[in-house]
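First the structure, in the form of structure tokens, and then the observations on it.
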Amino acid sequence: MLPTLNTAFIKDFITEGEIEAAAPYAETAHRLLGGGNGPGSDFLGWLCPSDLVSSEELARINSAAARIRQDSDVLVVIGIGGSYLGARAALEFLRSQSYNLLPGSSPQILFAGNTLGADALRDVIRLCEGKRVSVNVISKSGTTTEPALAFRVFRELLYSRYGKEEAARRIYCTTDKARGTLKTLAGKEGYETFVIPDDVGGRYSVLTPVGLLPLAAAGCDIGALLEGAGAAAEKYSEPSVYKNDACLYAIIRNILYRKGYMAESLVSYDPDLVMLGEWYKQLFGESEGKDKKGLLPVSMCFSTDLHSLGQFVQDGRSLLFETVLKVPPREDFFLKPEEGDFDGLNFLTGQGLSAVNHKAFAGTLLAHLEGGVPNLTIDIPAKDEKSLGALIYFFEKACALSGYLLGVNPFDQPGVEEYKKNMFALLGKAGYEERKKALEEKLDYLKSVARAEVAEKIKIAREFGDISENAEFDAAKE
Ligand code: PA5
């Protein structure tokens, strides 16, 4: 069930001596984390997965999920960031990227509130037409605008379709135990609530009710997920870098960062892992991207992206290294012979597609190494709950250690808060009046700069006699 980190392909980029020299720092980081003495130590609840959800809470999640499975064709999961990505990543890893389209997938799990795109919201509403619907709204703060707006829309949809009482039975809130608008509303309207522990930040929360309720509703075994995480917690409690892959991975990232690599690409060869890449981007991006430091986390899905970004990875500016996730398919697909062999592919008869995919991996690995791209690989035993729980924990632990090695607090996200405050202010939310005034002054200044540029363009065009009938209008529009 545990993932295996393979470092054989970085030998040309990192020496044993470099790892040895960094090992004491990683061990210190490990000690700080374990002892709760490092920055952000109020947010270490995820470290011990068995304490994340009590057995009573787990039973309550499973019984809510059973109710949803019985009375709903669709569960709309509303949330953003850490209150969205983990659940979706796990659903697609365990079930399929095409889960909602496959026969027998019930309830469908639709996601809303992670964008302000009007069409996306309308599409989810349309997908609910003629279906029995329940809603799981997830927000730790209970105040994030995107999910709050979507929840308002779906609350109204449920109230008008089912009436107040039945609608309330179909709404499940996952939020803080005491604070926030969502908690207050849930108390007032009598919605069932699940608690996001105080000491678990959004991006570390997938193994709390945040991820567990939607996954249980989709029929996933959340007990096994936690069991996998528990096994990983035990394995990665080992302080020695040489016995702890999470520590080793953190060190290698840090050494490559110090050598000038600017980005890490999390690569998979299976589209069911695309959303896992999105989850990883939030985990590492929000944890490490601060104080003008950090590796940019990007993700790619091969072969698809070999035909888009592959050229850049191979021959473009040398700025990234790759961490490749490898996992066997749920069920292999075997190729049959074709009469006439018109496409010349009969030589692959009887081979599993996974063997072909493996050759794509091996060929790409050799090419990218040749192109000077360091490669790490992580083998995941299976697309099952235990392996996923262990993998999630592996990344969470490695991310925390990596943040400490980088010298940042891996548990805050001041940058995200900045945009939220700006948005509240610009929308005119009460309490943000001063910020609104300052931001509008800045916007007015930027507009005046833009206007001056337009005026300059018109002037130059006139000087060159190069101004068509509509040019002034077009320039002004610009
Ligand atoms: O990692 C984080 O804390 C953030 O990205 C949050 O997950 C995101 O902003 C959503 O916040 P909330 O759950 O409070 O609505």
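The values are calculated or read from the model by the stated rules, or taken from the named source; none is laboratory data. These numbers come from a predicted model, not from an experiment. Note that we place each Cβ from the backbone using ideal geometry, even for glycine, and neighbour counts take in every protein chain shown. Just the protein is used for accessible areas: all its heavy atoms, side chains included, with ligands, DNA and RNA removed. Shrake-Rupley method; radii C 1.70, N 1.55, O 1.52, S 1.80 Å.
Table for the structure above
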item	result
Solvent exposure, largest accessible area first (probe 1.4 Å, DNA, RNA and ligands not counted), of Ser268, Ser98, Ser55	Ser55, Ser98, Ser268
Karplus 3J(HN,Hα) series, Hz, for the range 380-385 with 6.51 cos²θ - 1.76 cosθ + 1.60 (x for Gly, Pro)	9, x, 7, 7, 10, 4
In order through the range 372-378: 3J(HN,Hα) via Karplus (6.51 cos²θ - 1.76 cosθ + 1.60), integer Hz, x for Gly, Pro	x, 9, x, 10, 10, 10, 10
Interchain or long-range residues, amide H under 5 Å from Asn136's placed H	Val76, Val77, Ile78, Tyr172
Accessible-area composition of the range 81-155, carbon plus sulfur, in percent [1.4 Å probe]	52 percent
Sequence-distant residues sharing a close amide H with Glu192 (under 5 Å, placed H)	Ile171, Cys173
Accessible-area value, Ser134, 1.4 Å probe, nucleic acids and ligands omitted, Å²	0 Å²
Over 27 Å between alpha carbons, listed pairs Lys281/Lys421; Lys183/Lys437; Lys177/Lys420; Lys292/Lys442	Lys183/Lys437
Under-5 Å amide H pairs with Gln108, H placed in peptide plane, nonlocal only	Val74, Leu75
Met423 - accessible surface, heavy atoms, 1.4 Å probe, Å² rounded to 10	40 Å²
Cα shape, the range 192-342, gyration tensor, a/c 1.5 rule	oblate
Protein accessible area in the range 395-460, 1.4 Å probe - carbon and sulfur %	60 percent
Highest to lowest packing among 409-415, 363-369, scored as the average C-beta count within 10 Å	409-415, 363-369
The range 231-282 shape via C-alpha gyration tensor axes, a/c threshold 1.5	oblate
For the range 255-404, average projected area of the Cα convex hull in nm²	10.2 nm²
Point-to-point label distance, Ala450-Arg67, nm (Cα→Cβ direction, 7 Å offset)	4.9 nm
Where chymotrypsin sites (Phe, Trp or Tyr not before Pro) fall in DSSP loop in the range 321-364, at most 13 other Cβ within 10 Å	Phe333, Phe342
Three-way shape label, the chain, alpha-carbon gyration tensor, a/c 1.5	rounded
Antiparallel DSSP beta bridges within the chain, percent to nearest 5	10 percent
Residue-wise HN-Hα coupling along the range 453-464, computed from phi with Karplus coefficients 6.51, -1.76, 1.60 (Hz; x: Gly, Pro)	5, 4, 4, 5, 4, 5, 4, 5, 4, 5, 4, 8
Heavy-atom accessible area per residue - the chain, 1.4 Å, Å²	48 Å²
